[in-house]
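Beneath this line is the structure, given in C-alpha cells, with notes to follow.
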Amino acid sequence: MPTEYYATGADVRAACRRGQWTGPTPGLALGYVQANLVVLPREWAFDFLLFCHRNPKPCPLLDVTEPGNPEAQLVAAGSDLRTDLPAYRIWRNGELEGETDNILRYWQDDFVAFLIGCSFTFENALLAAGVPVRHIEQGVNVPMYRTNIPCRPAGRFSGPLVVSMRPLLPAVAVKATQICSRFPRAHGAPVHFGDPATIGIRDLNQPDYGDAVTLRPGEVPVFWACGVTPQAALASAQLPIAITHKPGHMFVTDWKDADLEGQ
C-alpha cells in the first residue's frame with residue numbers, strides 16, 4: 001500500500017498489525033507523534049524510569065504502561081504494543097537475539113513498556129518551514145551514531161548518547177534549531193554541529209544504526225539526541241530479556257505534533 005494512504009497514526013498501526021507495513025516510519029502519517037519503544041520486566045522498570053529522568057534529552061518519556069498491559073492508553077487508546085510497530089528487536093543478557101514483526105510470543109505478564117519521544121515528530125515542522133530532511137528525500141532510514149558522550153547512569157543502565165544526523169547548510173541549521181527547540185519532548189534542539197570526530201564519530205558513511213545519507217557541498221552535519229540511546233544502555237544492563245523497536249521503525253501515536261509543542 002502506498003505510504004500516502006497511511007494518513008493517521010491509527011492507519012499506520014493497523015497496517016503494522018496486519019503485517020502490511022514492516023518498513024521504517026519516517027514520512028508516514030506526517031503530523032502525528034512517533035515514539036521509541038522499550039519493554040522490560042517490572043523488576044527493572046524503576047531503574048529505567050530513573051535513567052530516563054536523568055537523561056531527558058535522549059529519553060523524553062511520553063507514556064508508561066501498567067505491568068502486563070500492552071495498550072498505550074495515554075497516547076493511543078486501543079493500541080497493542082505487541083503488534084502495532086513495523087519491527088522489533090529482542091535482547092537477551094545485553095545481546096541482540098533477533099528481530100521480528102510482532103512480539104506476541106515474547107510478551108510476559110510483568111512487562112512494562114516505555115514510549116519515548118522521537119525526532120521524527122519535529123520533521124513535519126521542519127518540512128513545513130522549508131527545511132530539507134535528507135533521509136526522507138532519499139527514501140532511507142535516518143543515520144544514527146554512538147558517541148563518546150556518556151549518559152548519566154541509573155542502576156544497571158548506563159552507556160553512550162546515541163545521536164541522529166541531518167545535513168544542513170549553516171544558515172538553515174540555525175533555523176532548524178529554532179524550530180526543534182519548540183519540541184523538547186521530541187529531543188528538542190541539536191546537541192552538536194560540525195566535526196563528528198569531536199563527539200567520537202569516525203565515519204558518517206558508517207552509521208551504527210540506520211542508513212548513510214548524502215552530505216552536499218557547503219552542508220554541515222547536525223546531530224540530535226536520539227531515542228535509540230536506551231538500546232545502547234541495554235547492552236550494559238544485560239537484562240535477561242528486553243524488547244525495543246528496530247531503529248527507525250517507530251510506534252505512531254494518536255497525538256499530533258502540536259500536542260508536544262512547548263512541552
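We did not get these values from a lab; they are worked out from the coordinates using the rules stated. Only a predicted model underlies this, so the values are computations on that prediction, with no experimental measurement involved. Neighbour counts run over all protein chains shown; Cβ positions are idealised from the backbone, glycine included.
Return the single residue from Leu234, Leu49, Leu168 with maximal mean-square fluctuation; model: Gaussian network over the chain, springs between Cα atoms under 10 Å.
In this elastic network of the chain, the residue with the biggest mean-square fluctuation among Leu234, Leu49, Leu168 is Leu49.
Isolated Cys in the chain by the 4.7 Å beta carbon test?
So, Cys16, Cys118, Cys151, Cys180, Cys226.
Could you work out the mean projected area of the convex hull around the alpha carbons of segment 12-81, in square nanometres to one decimal?
5.6
May I ask you to derive the relative contact order of the chain, considering only C-alpha pairs under 8 Å and at least 6 residues apart, and to give it as an integer percent?
Computed over the chain, the figure is 31 percent.
Give me Ser164, Ser181 ranked fewest to most by other Cβ atoms within 10 Å of their Cβ, as a rough exposure proxy.
Lowest to highest Cβ neighbour count: Ser181, Ser164.
Binned at 5 Å from 0, what are the whole-percent values of the Cα-Cα distance distribution for the chain, short to long?
Percent of pairs per bin, in order: 1, 6, 14, 19, 21, 18, 12, 6, 2, 0, 0.
Between His192, Ser181, Ile241, whose Cα lies farthest towards the positive end of the dipole of segment 172-258 when Lys and Arg beta carbons carry +1 and Asp and Glu beta carbons carry -1, centred on the Cα centre?
Of the options given, the answer is Ser181.
Could you work out which residue, out of Gly210, Gly23, Gly155, moves most in a Gaussian network model of the chain, that is, has the largest mean-square fluctuation with Cα springs under 10 Å?
With Cα springs under 10 Å in the chain, the top fluctuation among Gly210, Gly23, Gly155 is at Gly155.
Give me the Kirkwood hydrodynamic radius of segment 83-134, using the inverse of the mean 1/r over all pairs of distinct Cα atoms, in Å to one decimal.
That comes to 14.1 Å for segment 83-134.
Find me the longest stretch of the chain that has none of the exposed trypsin sites (Lys or Arg not before Pro), where exposed means in a DSSP loop (not H, G, I, E or B) with at most 16 other Cβ atoms within 10 Å.
Within the chain, the longest run free of exposed trypsin sites (Lys or Arg not before Pro) spans 19-104.
Using 7 Å Cα-to-Cβ label points, what is the Arg54/Ala77 separation (nm, one decimal)?
In this crude spin-label approximation the distance works out to 3.7 nm.
Please give the charge dipole size of the chain, origin at the Cα centre, charges +1 on K and R Cβ atoms and -1 on D and E Cβ atoms. Round to the nearest 20 debye. Could the numbers behind the result be given before it?
Working: 22 positive and 26 negative charges, 104 e Å.
The dipole magnitude comes to about 500 debye.
Give the share of C-alpha pairs in each 10 angstrom bin for segment 120-225, from 0 to the last occupied bin, in whole percents, shortest bins first.
15, 48, 31, 6, 0
Karplus couplings for segment 6-21 from phi (6.51 cos²θ - 1.76 cosθ + 1.60, θ = phi - 60°), rounded to Hz, Gly and Pro as x?
8, 7, 10, x, 4, 4, 5, 4, 5, 5, 5, 4, 7, x, 8, 10
Using a basic spin-label model with each label point 7 Å from the Cα along Cα→Cβ, how many nm lie between Asp195 and Glu97?
For the pair Asp195/Glu97, the computed spacing is 4.4 nm.
Given labels modelled 7 Å from the Cα in the Cβ direction, how far is it in nm from Ser236 to Glu261?
If labels sit at Ser236 and Glu261, their model points lie 3.7 nm apart.
Can you compute the radius of gyration and Dmax for segment 86-169, using only the Cα atoms, both in Å?
Over segment 86-169's Cα set, Rg and Dmax evaluate to 16.6, 49 Å.
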